[in-house]
Amino acid sequence: MATPTLDQFLSEINRITLSKDSSQLSQYLVIEPPYAPSYNTIINELRKAFPKGNNDSDTTLEKKITKAVKVIDGGDDVEVASWSAFSRFMVLYFGFLRDVDVGNLLETFGLLSEVLQKANSALQNQTHGITILDTVISYSRMFARLAMGLDKKPELIAHLTTTSSGGDDSGPRETLPERAANIIRYAFVACLNDRSGTSTSGIDRTGTPEGKKRGIYVLANLCLKILFACRKTRGAAQIFENIFVLSPPLGAYPKAQRVTYLYYLGRFLWANGHAYRAQKALQQAWKECHGQCLQQRRLILIFLISANMVCGRFPSEQMFARPEAYGLRERFQPLCKYIAKGDIVGFRRHLDIGSEHYAWFSGYRLDLQLRNRCEVFVWRSICRKTFILHGDPGNPEARKAPTFDLKDVLAIFRWQETVYATLPGASQPDNYIDPDFVGIVDEPIGEDALDLPDMNNIHSKMTALIHQGLLGGYISFARDKFAIQGAKLKGALAAGFPNAWKTIEARADDEVPGWKLETSGPAFGGGVVRLSGARPVGLS
């Protein structure tokens, strides 16, 4: 059966592949509906000449493709490497056009998954793989959108989970988004391992990435977008590690790719407790993000403010006045005020489950880190207020250090814990006891029922603050006092309560793992990411 439009299309594909025009090939190999009239004609020809379900259709179609596209078998030049993976990819591409039903998302996902895997195989070719790079990137974008869309419809994908190995029902399961990220990750690794360029650094004389290495960050960002959207971030660690070892410097890539990558790197570091490193990555992402991209700048800013607060640097009024910070003042400013006042009750209740702000903080997964890691600044403020209001300023001339009594600190903590345990509007702590257990044992009443801090708890808190450099001095355990050191040179407040941000900054390591700032010599000489022993995303 004659297929004139298909034949003409293959002739154009032959011309494009011979010239290695990756961008034009991507424009021809469209996969996302609606299709242009010429593609609808090709689809009709495919359905008539190579119908679905005919065992010989794929074989016959592949022979037709191989005959038309010369690079597949190397052409007439025996010195030219063959590209057999491209013919198998083209068979699946035409099969996708012929069979896809965009109304059936699961079927579309399965078909696109097969097409992208074959495209990844074609990308591996050292001679011709660069030609299909833009096509792989385009398909990966669509694949990522489809995977994230299906993840929001759990009723459609509940039956698609698979065990990690051997059909063991007790093993961890790979979710559909993780499966999608793994498929895109193969293309990402192919770009990392590319050695087709002339420079060992992967950067040409103009400062741009060579060959397939230009696809590293755009593919990595797609993987990260899937993993973060579906909250499967543990799979991101290997991506950051591979980039840190094998990628050209981040600065060689387009600004949009840099901003996206640093945003996800910052979020990953934040989620894993590295607040200082997170704020460095997020600060650079926010700095480079275009001023008109308010939604993106707002997302970055939310995590940037949180990471900075954990490091002791609080947002200013000028920050809250920015367009992208609209609505953030009522979220973060009360926390800053509670920390400055030493108000444990207000600080905790602002982040508690019953708070009007809890859903917002929890939605961004900020609540636990802010509460657990910023409360130490509340402790420090309590100590500072205690010293200012009731401390002994000392006498530098008599070599008497400024001190404050830890019994006063204990009293403040016990009072605040009692207030916190009391429901708002109630006059006493909530000491509810289930009626079934009344009378079984002697129930403590009032403060006795609360787990209030004692002096050992205060010693522990003070020791933690000293160890972190947030207090300057030492504890007199015999007298239950805290003595400030260095007051003669700096003054009591400056010596006893040094600037938290400067203290944390001075102790931190400037290197941010995952952020490739400059080329490292040995890694590019022979480093290769091998997938034989690599764990798929989400599996251990």
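Read-outs: derived from the displayed coordinates by stated rules, not from any lab. Model, not experiment: these values are computed from the prediction. Methodologically, a virtual Cβ is constructed for each residue, glycine included, from the backbone with ideal geometry; neighbour enumeration extends over all protein chains shown.
Before moving on, here are some points about what is shown:
- Amide H to amide H distances under 5 Å link GLU174 with THR162, SER164, where only residues 5 or more positions off or on other chains count and H is placed in the peptide plane.
- For the chain, a crude dipole built from +1 on the beta carbon of Lys and Arg and -1 on the beta carbon of Asp and Glu, taken about the Cα centre, is about 1720 debye to the nearest 20.
- With the charge dipole of the chain set up from +1 on Lys and Arg Cβ and -1 on Asp and Glu Cβ about the Cα centre, the Cα lying farthest toward the positive end among the listed residues LEU489, PHE314, CYS374 is that of LEU489.
- Per-residue [θ]222 nm for the chain (sum of -39500 (n - 2.57) over DSSP H runs n ≥ 4, rounded to 500): -17500 deg cm²/dmol
- In a simple Cβ point-charge model (Lys, Arg +1; Asp, Glu -1; nothing else charged), the stretch 95-252 has a dipole of about 440 debye relative to its Cα centre.
- Peptide ranges 28-37, 508-517, 81-90 listed from the most packed, as the mean C-beta count within 10 angstrom indicates: 81-90, 508-517, 28-37
- Cross-link partners of LYS52 among lysines (Cα-Cα below 22 Å; sequence separation of 8 or more within a chain): LYS63, LYS64, LYS67, LYS118
- Acute angle (nearest 10 degrees) that the helix 406-421 long axis makes with the longest principal axis of the chain, alpha-carbon atoms: 60
- For the chain, the longest principal axis of the alpha carbon atoms and the long axis of helix 216-229 meet at an angle near 60°.
- Leading residue at positive end of dipole, the chain (Cβ point charges), from PHE303, GLN257, SER113: GLN257
- In order along the stretch 199-214, the phi-based Karplus estimate (6.51 cos²θ - 1.76 cosθ + 1.60, θ = phi - 60°) of 3J(HN,Hα) comes to 9, 5, 7, x, 10, 7, 5, 8, x, 10, x, 8, x, 6, 5, 5 Hz; Gly and Pro are listed as x.
- Here the 3J(HN,Hα) profile of the stretch 483-494, calculated from phi with Karplus coefficients 6.51, -1.76 and 1.60 at θ = phi - 60°, is 10, 8, 9, x, 5, 5, 8, 10, x, 4, 5, 5 Hz, Gly and Pro shown as x.
- Gained length - ASP7 relative to PHE96, 0.36 nm times residue gap less alpha-carbon distance: 30.3 nm
- Entries in LYS287/LYS490; LYS337/LYS407; LYS232/LYS337; LYS70/LYS225; LYS153/LYS213 that, when Cα-Cα distance is taken, lie over 32 Å: LYS287/LYS490; LYS232/LYS337; LYS70/LYS225; LYS153/LYS213
- Estimated FRET transfer efficiency (GLU356, THR206; beta-carbon r; R0 35 Å; 0.05): 0.05
- Near the amide H of LYS481, within less than 5 Å, lie the amide hydrogens of LEU406, SER476, all on another chain or at least 5 residues away, with H placed in the peptide plane.
- Here's how it looks for ILE203: its modeled amide H is under 5 Å from those of GLU210, which are all 5 or more places away or on a different chain.
- Label assignment, Cα extents along the principal axes in Å derived from the structure, set [x] 73, 50, 44; [y] 101, 64, 46; [z] 110, 57, 43: [y]
- ³J(HN,Hα) computed for each position of the stretch 14-25 - Karplus, 6.51 cos²θ - 1.76 cosθ + 1.60, integer Hz, glycine/proline x: 4, 4, 5, 5, 5, 8, 6, 8, 5, 5, 5, 4
- Listed peptides 178-185, 8-15 appear in the order 178-185, 8-15 once ranked by packing, highest mean of other Cβ atoms within 10 Å at the front.
- Using a cutoff of 8 angstrom between alpha carbon atoms and counting only pairs six or more residues apart, the relative contact order for the chain works out to 12 percent.
- From most to least packed by mean Cβ count within 10 Å, the peptides 403-416, 198-211 give 403-416, 198-211.
- Angle between the chain longest axis and helix 455-467 axis [Cα atoms, degrees, rounded to 10]: 50
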